[in-house]
Amino acid sequence: MTQSQRPGRLGVGIVGAGRVGAVLGSALRSVGHTVVGASGVSEASRDRIEALLPGVPVLEVPEVVRRSQLVLLTVPDDALADLVSGLAALGAWQAGQIVVHTSGRYGTDVLAPAAAGGAIALALHPAMAFTGTSLDLARLEGAAFAVTSAPMVAPIGQALVVELGGEPVVLDESRRGLYHAALAHASNHLVVLLAQAAQALGVAGVEDPGRMLAPLVHASLESALRAADVGDAAQPPSAGDPGAIAALTGPVSRGDVGTVREHLEVLADLAADEDALDVVESYRALSRAATQRALGVGRIDPDQARALLDALNEPAPPEDRS
């Protein structure tokens with residue numbers, strides 16, 4: 001029996017062939033589903049369809065939905081609600097049709113207009129960054145997917161995730177916003193933090209900041225992830241849980257106020273010369289958070305924490321405009 005002859009194979013439509021949609025469509029195709037159409041307005045989207053979904057027709061959104069048993073909505077968060085309601089106004093949704101969106105922000109409430117037409121609503125968010133290339137297909141293996149749905153259709157969502165090679169993690173509708181904020185805080189802000197560190201190293205004369213940062217950052221990340229792996233998502237670690245901050249090193253964890261003050265001084269100089277005020281403010285904000293967590297687990301005492309916070313809260317010296 002070929003993959004396309006296996007039971008439960010679906011005709012899949014991709015609405016929004018961006019980085020996520022084209023990759024997931026390709027992954028579903030590889031396990032025997034048929035991609036019946038994809039929508040893509042930009043040249044980049046059409047290029048992705050050609051590269052990852054060769055032979056799949058590029059269609060208008062209503063036609064993609066009309067042809068599909070499984071509709072994959074992979075559009076920006078802010079466009080999702082209007083898209084779903086607009087298609088409902090056209091009478092596009094079909095009874096028994098599976099409608100999946102991949103937004104981390106939303107659960108299935110945003111799909112209510114489709115569900116009112118008899119569609120099966122699923123929210124499946126892959127917790128990974130996409131490049132929009134074939135490299136992502138291998139990275140799907142073992143990736144966590146947040147699955148939100150009505151209980152009776154949850155097995156459908158979980159089965160789709162398993163077919164994609166991922167690991168389904170059931171998430172309540174009311175927790176989607178907090179879940180997505182946590183992922184964005186970790187991933188997006190890590191990128192900003194490393195860009196700031198690389199800028200400072202470059203000004204310090206380091207020719208290859210990435211090479212210098214890599215061993216340190218990889219070790220810190222691995223330690224932090226091990227510490228964060230508490231095995232019970234229902235009871236995450238508190239700020240006072242030693243496991244939550246075990247990976248913290250550096251001057252804050254030692255209560256070295258003098259070192260922190262020197263860091264603030266040199267970063268202020270960097271900001272004055274290199275238009276890098278965001279580096280100073282990030283250092284202050286994250287050092288305050290590190291101070292509170294180090295105090296909570298007893299790495300520093302209240303007097304050390306107070307001295308650190310005093311230093312971190314001191315106003316920056318006025319910029320010399322002469």
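The values are calculated or read from the model by the stated rules, or taken from the named source; none is laboratory data. Small disclaimer: the values here were computed from a predicted structure and weren't measured. Reconstructed Cβ throughout: ideal geometry from the backbone, glycine too, with neighbour counts over all protein chains shown.
Tabulated values for the structure
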| quantity | calculated |
| --- | --- |
| Inter-residue pairs, beta-carbon under 8 Å, first assigned to a loop (DSSP other than H, G, I, E, B) and in region 184-206, second surrounded by 13 or more Cβ atoms within 10 Å (Cβ to Cβ), 6+ apart | Val206/Met212 |
| Cβ pairs under 8 Å, 6+ apart, first in region 45-62 and surrounded by 15 or more Cβ atoms within 10 Å (Cβ to Cβ), second charged (D, E, K, R) | Arg48/Arg19; Leu53/Arg29; Val58/Arg46; Leu59/Arg67 |
| Verdict on Leu73 being farther than 16 Å from Phe130 by Cα and either assigned by TED's automatic domain parsing to the domain that holds Ala143 or touching a Pro at 6+ places or on another chain (Cβ under 8 Å) (or both) | no |
| Whichever residue in region 13-44 is in a helix (DSSP H, G or I) and hydroxyl-bearing (Ser, Thr, Tyr) and, among such residues, is surrounded by the most Cβ atoms within 10 Å (Cβ to Cβ) | Ser26 |
| Residues (exposed (fewer than 15 other Cβ atoms within 10 Å of the Cβ) and assigned to a helix (DSSP H, G or I)) located in region 113-152 | Ala116, Leu135, Ala138, Pro151, Met152 |
| Candidate set from region 98-112 (those that are among the β-branched types (Val, Ile, Thr) and either within 12 Å of Gly21 (Cα to Cα) or not assigned by TED's automatic domain parsing to the domain that holds Ala27 (or both)); member that is surrounded by the fewest Cβ atoms within 10 Å (Cβ to Cβ) | Val100 |
| Index of the failed condition, Leu10 passing every other in (1) on the phi > 0 side of the Ramachandran plot; (2) surrounded by 15 or more Cβ atoms within 10 Å (Cβ to Cβ) | (1) |
| Residues of region 80-96 satisfying the condition of being more than 12 Å from Leu111 (Cα to Cα) and surrounded by 13 or more Cβ atoms within 10 Å (Cβ to Cβ) | Ala92, Gln94 |
